[in-house]
Amino acid sequence: MRKTLLVTSLLSVFLTASTSAAVPTAINYQGLLLDNAGEPVADAAYSVVFTIYDAAAAGNSKWTETQNVNTSGGLFSVLLGSINPILDTVFNGSTRYLGIKVGVDPEISPRTAMVTVPYSFRTATVDGASGGNITSKVTIGPGHTNSGADAFVAGDGNIASGDQSTVGGGTGHDASGTQSTIAGGRSSTVSATVGTVGGGIGNTASGTLASTVAGGESNTASASRATVGGGSTNEATGERSTISGGSHNDASGEASTVGGGRNNYARGDFSTIAGGGSDVPADSNYAEGIYSTVGGGAGNGATSGRTTVGGGRDNIASGYTATIAGGYNNSASDQYSSVGGGSGNIASGFMATIAGGQNNEADGTEAAIGGGNGNTADGSRAAIPGGQNNEASGAYSLLAGLSNTTHAEADYSMAVGRDNIAGRPYAVALGNFCLSFGESSFAVGDHSQTFIGANYSVAMGRNAFAEQAGTFVFADSTDALFDSHAPNVFIVRAAGGVGLGTDNPNGKALAIDNEFTGSGNVMLDLNASVDITSSGRDVLQIEVGGSATTIQYIECERGSDIEFRVHGDGDVTADGAFTGGGADFAELIHVSSGAHSVEAGDVMVIDPNSPRSIVMSTQPRSTLVAGIFSTSPGYMASEHDWDAIELARSGKSGNEADDTDLEYTPVLELAAEMDEVPLAVVGIVPCKVSAENGPIQVGDLLVTSSTPGHSMRDEDPKTGTVVGKALESLSAGTGIIKVLVSLN
């Protein structure tokens, strides 16, 4: 494509050189390279041949060199003579002309006459210079107006009317602000004091002070310290506002920012729009609240203080500090409300949250919906993890599934499954079409119900109806109604029988001797019998009360051989092996740094500074290694009487501590309160390991490492340093593997 050089400015690079210094041999040259359509060429590197002739056409070449020229919006700047120095003998004759040839195109015509400045090659002093510097304004090129004190103007047809203003090149510029600058381009205006336009076309820096447009086209920075980096038709009208680029963006809030995109509006003070937008102004993003943010997308709005929309489309965050991460057509309208994504979701309650899904609405204070479709959380702090068409109206109520409901008065209630209703406080309905209308009642299964007034009742199974308070109704799969007729009863319909300790009752019923309130026995009459056999010894014996320690709470026999026995003093004997849920033997031992400072899998060592205490290992190859913090011990030993500790903790005596008086705490919880943890000393246990001493292979001996709480391999460990053998491998880094604890 044929190139055209539209505007050039030519000046000596040593205008401020000392009048007595050696004369330089280079010339600074700037130009605008256009294609044959009159448009700036694409930004790229071009091979350009520069030649100085002694005639406007034909003539003799006095000097030539070839340079690779980089353009920006067609503009370029080179230093002639940087490759082939220009000797002063080049200008020892009449007028000289500069010819320019770009790539394979013919030389651009006409040649440019070189006037005035280049001829300073012929003198070592400059008229008007004082102390070695130019002391007056400088005008280079034709058609300029240079009316500013100490102003500088170059290019073609530019105006430098501001004192100490500068126009470096280009055409059609107006630098009227004091100390204003236009570096190049065309048709730009700077009226701001210390304002700047770097280049481009038709840009304006009109703020009171230090407004800046770096480049682009038709951009405006009209407030003090406002900045437009580039793009086109952007307006930074707020003080200290910034638009990095894009098109048709507006930053009108103080210190507001638009990163890019199109048709974005940052109107709130300190607001930010990162990008996005649309060609259609109606789909623009807008950040109107102070400190509001829109990350991107289209049609998104952050309209209140500190609101945030991450992206997506047509999302509106209007509540103070409300947040919408993304999605489509979502709304967060109350303070601190949030929507994670999805579409058509509305978080209108104070601190309400919707994670995603579609057409969900969280109206209650601190209500939460995880996802799903068409769910509503009206109750304060109500929660719906997911599902469809669920409505949680009770405070602190919980729903999941399809078309479940908690009533407004059903605080702390729950309904999970399909078409279930929890209608009273603390009620629970689980399954299919279960109704729980008794306070603190529980209905589970298929079409099971607890009735109004049937408080503290349970209806379980198929068509089980608990109609009075305190009743437990269990119904099997028979397709018939099974309901209660009196309060405080436990009734079971089990066509196959009831079994305790057997999975095959063979249709037999069960009779239980009742020693509590009431009279006689509790009977389940299913026209069957209760079958309990004995061969002279107790099948099951439990003694409650008394102080004798020789009694047996439980004794199991096979023939005449006692296989298992629980003694009155707490001892247990068994002929067979004990099989627990874990794979190691652990001892509960005190952690001197506190149980909270360690976790399962940590390698522990004896603390030499604290009697009968351990601490996490920190040194390699420690001979104080004690074992590994067990995740789930199969057997756990301790020197404590945990029942006595529980009683002391509760402030009760042994006679008072029965199931109605005391809620027993698991031993591991009690131990943690005393800063004790289970230390595996024998068996298989997960262990933290490090490959710092090389990859770990199955069978490697493990010792403590320099990584706290971790072990490492050791090919030749010292006696007393081994914690165990690796049962799994680790190639690099750190991890957790199974280890056979075998202290040595």
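What follows is calculated from the coordinates using simple rules that are stated; it is not laboratory data. Treat the numbers as computed from the prediction; the structure is a model and nothing was measured. Cβ coordinates were reconstructed from backbone atoms using ideal geometry, including for glycine residues, and neighbour counts include every protein chain displayed.
Near the amide H of Gln358, within less than 5 Å, lie the amide hydrogens of Ser343, Gly372, Asn373, Gly374, all on another chain or at least 5 residues away, with H placed in the peptide plane. The Cβ shell under 10 Å around Tyr320 holds other residues with a net charge of 0, Lys and Arg each +1, Asp and Glu each -1. Distance between the C-alpha centres of the range 364-398 and the range 696-744: 50 Å, rounded to the whole angstrom.
For Thr365, neighbours were defined as the other residues whose beta-carbon sits under 12 Å from its Cβ, and their charges (Lys and Arg +1, Asp and Glu -1) total -3. Taking amide hydrogens as placed 1.01 Å from N in the peptide plane, the amide H of Gly199 sits under 5 Å from those of Ala183, Gly184, Gly215, each at least 5 positions away in sequence or on another chain. Taking each residue as 0.36 nm, the span from Asp575 to Ser597 lengthens on full extension beyond its C-alpha to C-alpha distance by 3.9 nm. Taking one quarter of the surface of the convex hull spanned by the alpha-carbon atoms of the range 398-483 gives a direction-averaged projected area of 4.3 nm². Going by a ≥ b ≥ c, the root eigenvalues of the Cα gyration tensor, does the range 193-299 fall in the rounded group (a/c under 1.5), the prolate group (a/b larger than b/c) or the oblate group? It comes out oblate by the Cα gyration axes.
In this structure, the amide hydrogen of Asp483, modeled 1.01 Å from its nitrogen in the peptide plane, lies closer than 5 angstrom to those of Phe465, counting only residues at least 5 positions away or on a different chain. Computed 3J(HN,Hα) for the range 232-249, one whole-Hz value per residue from the Karplus formula 6.51 cos²θ - 1.76 cosθ + 1.60 where θ = phi - 60°, is 8, 6, 9, 10, 9, 9, x, 4, 6, 6, 9, 10, 6, x, x, 8, 6, 9, glycine and proline marked x. Taking θ as phi - 60° and the Karplus parameters 6.51, -1.76 and 1.60, the scalar couplings of the range 735-744 work out to x, 10, 10, 6, 10, 8, 5, 8, 4, 8 Hz in sequence order, x denoting glycine and proline.
Using the Karplus relation 6.51 cos²θ - 1.76 cosθ + 1.60 with θ = phi - 60°, the per-residue 3J(HN,Hα) values for the range 286-296 come to 9, 10, 9, x, 4, 6, 7, 9, 10, x, x Hz, with x marking Gly and Pro. Take the Cα of Glu254, step 7 Å toward its Cβ, do the same at Leu668, and the gap between the two points is 5.8 nm.
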